[in-house]
Amino acid sequence: MALVYVRYVFDNSDDKALFLSSALVGNTGNLGIPLGIAFFGVASVPYTSILNIANIFFIFIFSVYFLAGKKFSLKKAAREIIKIPSISFAFFALAFNYFGFALNDNFDKVFTMAAYTAIVMQLIVFGIFMSQIKIKKANWKLSLNLVLFKHILLPLVGLIGLVYFEVEPFLASIIFLELMVPLAINNVNLASLFNRKPIDATFCVLVSTFSFVALIYFYILIINYFFMEI
């Protein structure tokens, strides 16, 4: 759907790349997992975590490919994707979990501190780009089309699929929740890395976040009506 949509809406290659790299991903980690706990309890964490890992794979494979497409051939882009640390560490985390390994408390604290540090650094980078946004010159066409696709069309298609395939209500509610979360700072990081209008990407994250806040009440009504009460 995104590939068809972008063909008829955008002419600029950077806008196309930003749209395709952002339209199907969201902040499933820092926002999706806490929201899952708030709405559905700790029982939601295994599901929101695996959906977040799937989101990571999409971002660092397909999003990177869309953003790097103008600079790399398919073969070289695939090589660059394999080199991304998030990909190898995601596989390592899955294997670590599958074989039932556990960290002692000291190692756990180290990784927790590193995670919090990474979040702070991401927010600093985001703030630097946000300070350069000028509302009158902002890319409203890109941001509003992303909101339409990410917060209206994507949840609608997800809802139809979940109802049609009669997905178990608890799992369906979590999947729908993860579909509706706004864009993440990773979109800005990658746009900056590949020089694809990082300020426009930052503005898209802001507009997506405000749209999510405005729409979350209606999302909850949909979950209550079709799946389960929260």
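The values are calculated or read from the model by the stated rules, or taken from the named source; none is laboratory data. Here the structure is a predicted model, which means the values were calculated and not measured. So basically every Cβ, Gly included, is an ideal-geometry build from the backbone, and we count neighbours across all protein chains shown.
Annotations
- When residue 85 is tested against (1) farther than 20 Å from residue 190 by Cα; (2) at pLDDT below 85; (3) not aliphatic (A, V, I, L, M), exactly one condition is not met: (1).
Yes/no per residue for (1) touching a Phe, Trp or Tyr at 6+ places or on another chain (Cβ under 8 Å); (2) in contact (Cβ under 8 Å) with a residue 12 or more places away in the chain; (3) over 24 Å from residue 182 (Cα atoms); (4) of a type in the set (A, V, I, L, M, F, W, C):
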{"residue": "61", "(1), (2), (3), (4)": "no, yes, no, yes"}
{"residue": "93", "(1), (2), (3), (4)": "no, yes, yes, yes"}
{"residue": "103", "(1), (2), (3), (4)": "yes, no, yes, yes"}
{"residue": "115", "(1), (2), (3), (4)": "no, no, no, yes"}
{"residue": "133", "(1), (2), (3), (4)": "yes, yes, no, yes"}
{"residue": "149", "(1), (2), (3), (4)": "yes, yes, no, yes"}
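- Hits in segment 220-230 - residues which are outside any helix (DSSP H, G or I) and surrounded by fewer than 17 Cβ atoms within 10 Å (Cβ to Cβ): 228, 229, 230
- Breaking point among (1) over 23 Å from residue 146 (Cβ atoms); (2) surrounded by 12 or more Cβ atoms within 10 Å (Cβ to Cβ); (3) modelled with pLDDT of 90 or more, for residue 5: (1)
Residues are listed down the side, and each one gets a yes or a no for (1) at pLDDT 95 or above; (2) surrounded by fewer than 16 Cβ atoms within 10 Å (Cβ to Cβ):
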{"site": "161", "(1), (2)": "yes, yes"}
{"site": "171", "(1), (2)": "yes, yes"}
{"site": "174", "(1), (2)": "yes, no"}
{"site": "177", "(1), (2)": "no, no"}
{"site": "186", "(1), (2)": "no, no"}
{"site": "196", "(1), (2)": "no, no"}
{"site": "203", "(1), (2)": "yes, no"}
{"site": "215", "(1), (2)": "yes, no"}
{"site": "218", "(1), (2)": "yes, yes"}
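- Filter pass, residue 125 being surrounded by 14 or more Cβ atoms within 10 Å (Cβ to Cβ), among the β-branched types (Val, Ile, Thr), in contact (Cβ under 8 Å) with a residue 60 or more places away in the chain and farther than 20 Å from residue 55 by Cα: yes
- Check on residue 137, modelled with pLDDT under 95, within 30 Å of residue 8 (Cα to Cα) and either out of contact with any Phe, Trp or Tyr (no Cβ under 7 Å at 6 or more places or on another chain) or polar (S, T, N, Q) (or both): yes
- Within segment 151-160, being touching a residue at least 40 places away in the same chain (Cβ under 8 Å) and over 16 Å from residue 216 (Cα atoms) holds for one residue alone: 157.
- Sole exception among (1) among the small types (Gly, Ala, Ser); (2) without any contact (Cβ under 8 Å) to a residue 24 or more places away in the chain; (3) farther than 19 Å from residue 227 by Cβ for residue 68, by number: (2)
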